[in-house]
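Notes to accompany the following structure.
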Amino acid sequence: MLWRDGAIVPGIQAPLDHTDRGLTLGDGLFDTALALGGRVAFEDAHIARLVAGAETLGIPAEADRIRAAMRALAGQGNDKGRGDADRLAIRTTLTRGSGPRGLKPPPDPHPTLFATAAPSAKGAAFAPLRLWPTPIARNDTSPAARLKTLGYLDAVLAAREAAASGFDESLFCNTRGRVACAGTGNLFALFGDRLVTPPLADGVLAGIVRAEVLELARACGVRPEEGSLNLPELLGAEAVFVTNSLRLLAPVTAIGATGFASTDHSAVSRLTAALRTAIARACGVAEEHV
């Protein structure tokens, strides 16, 4: 399903200006959110992050239009009795719009906003992952590392490499050798009662589920902290997991040749249960549908 210019468009195809800077230069942002039972999980946080990112890039963004797009698509999957049928991945894309050749942004941009919805498999949520450390460095010196920009080529190349090596996802370190993130999510590591996640300054996106887990942590018996980790330190953790808006909280069972018993760790189980409850409450669905 596709939302464009204020309405649902049949199918997934619509005209796009071939001079759109999102297409030619990756000059734009996107957001991915989970919708259950016709409602977007953590809707306000998704919209706020997209608008803040647009402000950083100097792209005009209207929160009300973004909300309308998300809700229109989420409302197409509001049958609570059909399991995965009402579980949607909502992707919202904002570009600077069309412009002349060259890198310099137009002084008066006319942004392009569109959004799509596709079924999101319930089996992907909370499913374990095996990570492959990629030699591609996350550029922590770039503001783009902390934004969900359209330029994802490093992640695409790392994903190919991970798949070719028999792993599910890539693991990125930054230019200083500090652990940054997985290819599509934030990283957390447990050391006793400490729950550590890399700080945004290490080239990390401010993930929506990352923020939720940090908020839930103390009630789950762990002390959340943002702290830099090198790869050997991460490999010494008791448990590791990845968060994003569709996988939600994915226990990591291996990083390269190092195995982890993350799926059986009691703190991971408590955090999983708490996150499931929070999402069910946000979407107004029963926990078994999360």
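Just so you know, all these numbers are worked out from the coordinates, no wet-lab data involved. Fair warning: this is a prediction, and the values are worked out from it, not measured in the lab. Glycine also receives a Cβ, built like all others from the backbone with ideal geometry; neighbour counts cover every protein chain displayed.
Seen from ARG130, the other residues with C-beta closer than 12 Å to its C-beta sum to a net charge of -2, counting Lys and Arg as +1 and Asp and Glu as -1.
Peptide packing: for 247-260, 3-16, the average count of neighbouring Cβ atoms within 10 Å per residue gives the ranking 247-260, 3-16, highest mean first. Cβ crowding within 10 Å, taken as a proxy for footprinting-reagent exposure, orders MET1, MET70 from fewest neighbours to most as MET1, MET70.
Take the alpha carbon gyration tensor of region 1-58, find the square roots of its eigenvalues, order them as a ≥ b ≥ c, and report rounded if a/c is under 1.5; if not, report prolate when a/b exceeds b/c, else oblate. Oblate, because a/c is 1.5 or more while a/b does not exceed b/c.
Here region 47-70 is scanned for amide nitrogen atoms under 18 Å from the site 7 Å beyond the Cα of ALA211 along Cα-to-Cβ, giving 47-57, 61-68, 70. Let me make sure I get this right: for region 2-120, a, b and c are the square roots of the gyration tensor eigenvalues over alpha carbons, sorted descending. Under 1.5 in a/c it's rounded, otherwise prolate if a/b > b/c, else oblate. Which is it? Cα axes put region 2-120 in the prolate bin. 3J(HN,Hα) along region 254-270: 7, 10, x, 8, 8, x, 9, 9, 5, 5, 9, 6, 5, 5, 4, 5, 5 Hz, from the Karplus curve 6.51 cos²θ - 1.76 cosθ + 1.60 with θ = phi - 60°, whole Hz, x for Gly and Pro. For GLY227, the residues whose amide H sits under 5 Å from its own are THR197, ignoring neighbours fewer than 5 places away on the same chain, with H placed 1.01 Å from N. Here region 65-215 is treated with +1 on each Lys and Arg Cβ and -1 on each Asp and Glu Cβ, and its dipole about the Cα centre works out to around 420 debye.
Rounded to the nearest Hz, the phi-derived 3J(HN,Hα) couplings of region 176-192 under the Karplus curve 6.51 cos²θ - 1.76 cosθ + 1.60 (θ = phi - 60°) are 9, x, 8, 5, 10, 6, 8, x, 10, x, 7, 10, 10, 9, 9, 10, x, where x marks glycine and proline. Once backbone amide H atoms are built at 1.01 Å from N, GLY97 has ARG21, GLY22, THR112 as its partners under 5 Å, excluding neighbours fewer than 5 places away on the same chain. Taking Cα centre as origin and charging only the Cβ of basic (Lys, Arg, +1) and acidic (Asp, Glu, -1) residues, the dipole magnitude of region 129-283 rounds to 300 debye.
Dipole orientation for the chain: of the candidates ILE12, GLY256, LEU23, ILE12 has the Cα lying most toward the positive pole (charges on Cβ; Lys, Arg +1; Asp, Glu -1). Could you calculate the contour length gain from LYS104 to ALA68, that is, 0.36 nm times the residue separation minus the distance between their Cα atoms, to one decimal place in nm? Extra length available between LYS104 and ALA68 comes to 9.9 nm. Charged neighbours of GLU287, selected by a Cβ distance under 10 Å, balance to +1 (K, R count +1; D, E count -1). Computed log10 I(q)/I(0) for the chain at 0.07, 0.09, 0.10, 0.17 Å⁻¹: -0.26, -0.44, -0.54, -1.45, from the Debye equation with unit scatterers placed on every C-alpha and solvent omitted.
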